[in-house]
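Let me begin by presenting the structure, written as structure tokens, before commenting on it.
The values are calculated or read from the model by the stated rules, or taken from the named source; none is laboratory data. A quick note: this is a predicted structure, and the numbers were derived from the prediction, not measured. Cβ atoms come from the backbone with ideal geometry, glycine included; neighbour counts cover every protein chain shown.
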Amino acid sequence: MSYKTNSLQVAAYLATKRGITLAGIDKANSNSILFLFDPADKAAEATQEYYSGKSMVDASELFKNYRMLKDMLFDAKRSGIA
């Protein structure tokens, strides 16, 4: 089972973190989308790093992934997924 988050910022961090892969997106409810990441255990651990302030990733990659995920959100909304 994939790790799920609805936070765009956390998703951008996870997409940037080595060893974690964006598995896709899913509709959480009528107002939000979930980002899915594998492996779930590494993604959960990285999320704890993010919230504890111990996260370290390349800033340019982080911003590139943030923009990519934001585009995915807009495309999902446009296509009716969200």
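Of all residues being loosely packed, with under 13 Cβ neighbours inside 10 Å and either in contact (Cβ under 8 Å) with a residue 24 or more places away in the chain or in contact with a strand residue (DSSP E or B) (Cβ under 9 Å, 6 or more places away or on another chain) (or both) in segment 32-50, which is nearest to M1 (Cα to Cα)? Just the residue, please. Full working, then the answer.
Within segment 32-50, the subset loosely packed, with under 13 Cβ neighbours inside 10 Å is 32, 41, 48.
From what's left, either in contact (Cβ under 8 Å) with a residue 24 or more places away in the chain or in contact with a strand residue (DSSP E or B) (Cβ under 9 Å, 6 or more places away or on another chain) (or both): 32, 41.
Values: S32: 20, D41: 10 Å.
Ranking the candidates gives D41 first.
Suppose the filter is within 29 Å of S79 (Cβ to Cβ), out of contact with any Lys or Arg (no Cβ under 9 Å at 6 or more places or on another chain), among the hydrophobic types (A, V, I, L, M, F, W, C) and at pLDDT 95 or above; does L22 pass it?
Numbers: within 29 Å of S79 (Cβ to Cβ): yes; out of contact with any Lys or Arg (no Cβ under 9 Å at 6 or more places or on another chain): yes; among the hydrophobic types (A, V, I, L, M, F, W, C): yes; at pLDDT 95 or above: yes.
So L22 passes the test.
Within segment 48-82, which residues are farther than 22 Å from S32 by Cβ, modelled with pLDDT of 95 or more and among the hydroxyl-bearing types (S, T, Y)?
S52, S60
Output the residues belonging to segment 68-82 that are surrounded by 11 or more Cβ atoms within 10 Å (Cβ to Cβ) and charged (D, E, K, R).
K70, D75, K77
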